[in-house]
């Protein structure tokens with residue numbers, strides 16, 4: 001449980017939306033998705049990928065230090081957003097904790113090194129250290145020269161929000177005063193795309209609005225993958241804060257399969273109820289849903305929201321119709337969207353769902369994330 005508000009002092013991200021808050025907000029305001037076609041496995045996939053400018057930012061990091069040229073793209077992405085977030089945080093010293101996670105980890109390098117092994121029977125000496133999930137936070141700490149604890153983890157698509165929970169726990173325990181939490185995902189590889197196709201959840205839509213999240217009448221799955229990284233700085237101080245976390249919730253469902261979730265998403269019911277706490281339901285202005293664009297994923301979360309809020313639903317939205325599913329990073333991109341909506345007092349709607357009303361003012365926004373196995377997290381944000 002949250003003992004006191006935790007403050008977000010800065011946020012940074014990189015995705016198809018951009019790498020600056022102005023660029024990201026402007027992309028949210030136009031009505032088109034950011035998807036483009038990518039060829040892999042002798043077929044075309046809709047994906048959400050970086051622009052040339054964003055790839056150049058990553059290239060500059062890789063060439064800035066000889067050690068960085070052997071790192072996976074996901075790690076370089078994490079370094080990029082952590083640098084920017086740390087710079088804007090105005091932390092008092094280098095005693096900063098770090099928790100970065102990834103659902104898939106060093107996907108690009110792992111696939112490359114495994115292919116080399118299959119074809120040649122040998123691997124590079126860099127293979128093991130470069131593909132270990134734990135190296136993501138270690139490299140961020142190395143780059144920033146921080147002196148606090150370093151944690152890397154994976155809990156599928158709620159990884160980013162679980163990093164947030166970990167950071168809050170460290171702050172509330174008194175074991176740290178400053179924390180960077182983040183996630184990075186670079187899943188646009190042939191093997192990863194094949195895995196999602198095998199699950200029969202990937203979008204085959206012809207229209208560029210290929211992820212139909214919040215379309216509760218769809219009869220096919222429409223998930224689209226995207227690459228992204230995001231980082232937040234947390235503290236118990238309101239100085240220079242851009243938002244505050246006033247509620248947290250978490251829950252896990254009993255598994256019936258490796259991808260299961262109940263028809264009314266009991267994990268989300270529990271996590272949302274915990275995050276809302278003593279707040280009046282009518283004070284929650286909007287929910288940024290996890291809504292990955294699948295039939296079951298969207299509908300079960302919607303049912304959970306109806307159980308919690310009854311007939312008086314808050315405004316509902318998701319950014320996955322715009323930027324796709326970025327696995328571990330998705331929850332943190334939802335936090336970014338919520339903060340931007342609160343700052344600009346403008347609700348960014350999904351083109352596939354008609355909200356019954358617009359709030360006069362946005363004050364409190366709830367957001368959700370869940371991964372395979374029903375490990376749900378809900379966060380309540382204010383500014």
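Values for this structure:
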item: Given (1) touching a strand residue (DSSP E or B) at 6+ places or on another chain (Cβ under 6 Å); (2) closer than 18 Å to residue 330 by Cβ, index of the condition residue 50 fails; result: (1)
item: Where residue 227 falls short, out of the listed (1) more than 20 Å from residue 367 (Cβ to Cβ); (2) in contact (Cβ under 8 Å) with a residue 60 or more places away in the chain; (3) more than 19 Å from the chain's Cα centre (by Cα); result: (3)
item: Residue match in the range 140-148 (condition: surrounded by 15 or more Cβ atoms within 10 Å (Cβ to Cβ) and over 20 Å from residue 235 (Cβ atoms)); result: yes
item: Flag for residue 75 being touching a residue at least 24 places away in the same chain (Cβ under 8 Å), buried (at least 19 other Cβ atoms within 10 Å of the Cβ) and within 23 Å of residue 210 (Cβ to Cβ); result: no
item: Selected residue (criterion: farthest from residue 9 (Cα to Cα)) from residues of the range 113-134 that are touching a residue at least 12 places away in the same chain (Cβ under 8 Å) and touching a helix residue (DSSP H, G or I) at 6+ places or on another chain (Cβ under 6 Å); result: 113
item: Residues that are farther than 13 Å from residue 141 by Cβ and surrounded by 24 or more Cβ atoms within 10 Å (Cβ to Cβ), drawn from the range 86-104; result: 101, 102, 103
item: Selected residue (only one of 160, 167, 182 is part of a strand (DSSP E or B) and buried (at least 24 other Cβ atoms within 10 Å of the Cβ)); result: 182
item: Selected residue (only one of 277, 331 is touching a strand residue (DSSP E or B) at 6+ places or on another chain (Cβ under 6 Å) and within 19 Å of residue 224 (Cα to Cα)); result: 331
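Okay, residues lined up against (1) farther than 30 Å from residue 7 by Cβ; (2) over 21 Å from the mean Cα position of the chain (by Cα); (3) in contact (Cβ under 8 Å) with a residue 40 or more places away in the chain:
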| site | (1), (2), (3) |
| --- | --- |
| 169 | no, no, no |
| 198 | yes, yes, no |
| 206 | yes, yes, no |
| 211 | yes, no, yes |
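Yes/no matrix, rows are residues, columns are (1) surrounded by fewer than 24 Cβ atoms within 10 Å (Cβ to Cβ); (2) in the same structural domain as residue 27 (by TED's automatic domain parsing); (3) within 20 Å of residue 279 (Cα to Cα):
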| residue | (1), (2), (3) |
| --- | --- |
| 317 | no, no, no |
| 322 | no, no, no |
| 328 | no, no, no |
| 335 | no, no, yes |
| 345 | yes, no, no |
| 353 | yes, no, no |
| 365 | no, no, yes |
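The values are calculated or read from the model by the stated rules, or taken from the named source; none is laboratory data. Since this is a predicted model, take the numbers as computed values, not measurements. As a convention, Cβ positions derive from the backbone with ideal geometry for all residues, glycine included, and neighbour counts pool all protein chains shown.
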